[in-house]
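Undergrad: My structure is below; once you've seen it, I'll send some questions.
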Amino acid sequence: MSGDERYTIGDLARRTGLSVKTIRYYADSGIVPPTDRSPAGYRQFGPDAVARLELVRTLRDLGVDLASIRRVVDREVPLHEVAAAHAEALAVQVRVLRLRQAVLTVAARREADPSEVDDLHRLARLTAHERRQLVDDFLDSVFTGDPAPYPGVLVSMTPELPDDPTTEQVRAWVELADLCRDPTFRASMRRLVRQHAADHDVPGLPRPDAVAVVRDGVVAALAAGLDPVGPEAEPVVAAVTSRYARLHGLPDDADLRQRLLDRLVLANDPRRDRYLDLLSVINGWSGGGAVTPAVDWFIRALRAPIRAPAA
């Protein structure tokens, strides 16, 4: 190709796929200036105009503004500096869009009214410090007044939203934060902590509480689809109550089974499982720790008439 070759706006349009109107606008803006004019007065462009237009189109497709593009093509600023600045700007926009999507998704799922949407939006926009304060207040309300939990307990219940969270993590945070502020959930968790402490208020090494004993004892029954009120559940119930009795040095009688039932009914709050599921999403942990199905199954089995132990 000769360096003296010239193109009209129509030639450039055919070569680049851009419209004549767009190329004319770029020429008027000085982004792709003409080299000279034809005898008839039409603008003509040199061979580098095609490469310029291809670069301009690429940068525009990436959302770079025309002022920055002009500085790049005029070699006033390196392309990598403009690319880095716009990449960061896009990252901010992406985070904002994720936040909005998360709030709207939760609001749609709850059929929220305008005031609830505004409240959810505020939760999503909390700073890292504000998020920590909210969670600390929740955990303080749950554990205050009881012996200090084992060192890993508070850590295992604390959400840590990443600096660049996914939409799913933001959505999980909004729902978890709303749970943390719910006074009925706080009260339920407080009762659960007290029950857990009571189950551990025995001499010796730490031992599993009622929920843990039931969860471990019925996993096979759940997998097998056993009917909790059928006769096949009897050996499962007997094994669980026997283990619970041994752990606490008590006889496996009607009083112990009532004690176990009372603890399970108190602990049977599906919001606990939901909190842990949301926590796993936020922190990037594996899930699968739900206890509600096991507790539901065992409560039904324990309440079945044939479950009453012999006097």
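Derivation of every value follows stated rules applied to the coordinates shown; laboratory data play no part. These figures come from a predicted structure and were not determined experimentally. Neighbour counts run over all protein chains shown; Cβ positions are idealised from the backbone, glycine included.
Undergrad: Over the Cα atoms of segment 80-181, what Rg and Dmax result, in angstrom?
TA: 16.6, 57
Undergrad: Next question, about the same structure. If you keep only loop residues by DSSP, which trypsin sites (Lys or Arg not before Pro) in segment 28-119 have at most 16 other Cβ atoms within 10 Å of their Cβ?
TA: Arg75
Undergrad: I'd like to verify something in the chain: which complete DSSP H helices, judged by Cα projection on the helix axis, reach 18 Å or more and average at least 0.0 on the Kyte-Doolittle scale?
TA: TM-like helix candidates: 79-110, 210-224, 234-248, 254-267.
Undergrad: Rounded, prolate or oblate: which fits segment 175-261 when a ≥ b ≥ c are the square roots of the eigenvalues of the alpha-carbon gyration tensor, with rounded for a/c under 1.5 and prolate only if a/b beats b/c?
TA: Judged from the Cα gyration tensor, segment 175-261 comes out oblate (a/c at least 1.5, b/c at or above a/b).
Undergrad: Of (1) 5, 20, 22, 14, 9, 7, 6, 6, 5, 4, 2, 1, 0; (2) 6, 26, 34, 25, 9, 0; (3) 5, 19, 18, 15, 12, 9, 8, 7, 5, 2, 0, 0, which is the value of P(r) over Cα pairs in 10 Å bins from 0, in percent derived from the coordinates here?
TA: Computing P(r) over Cα pairs in 10 Å bins from 0, in percent and matching it to (1) 5, 20, 22, 14, 9, 7, 6, 6, 5, 4, 2, 1, 0; (2) 6, 26, 34, 25, 9, 0; (3) 5, 19, 18, 15, 12, 9, 8, 7, 5, 2, 0, 0 gives (3).
Undergrad: Report, in deg cm²/dmol and to the nearest 500, the calculated mean residue ellipticity at 222 nm for the chain, where each DSSP H run with n ≥ 4 adds -39500 (n - 2.57) and the sum is divided by the residue count.
TA: -21500 deg cm²/dmol
Undergrad: So, one more: Want the number for Leu222 to Arg190: 0.36 nm per residue separation, take away the alpha-carbon distance, what's left?
TA: The span from Leu222 to Arg190 would gain 8.7 nm if fully extended.
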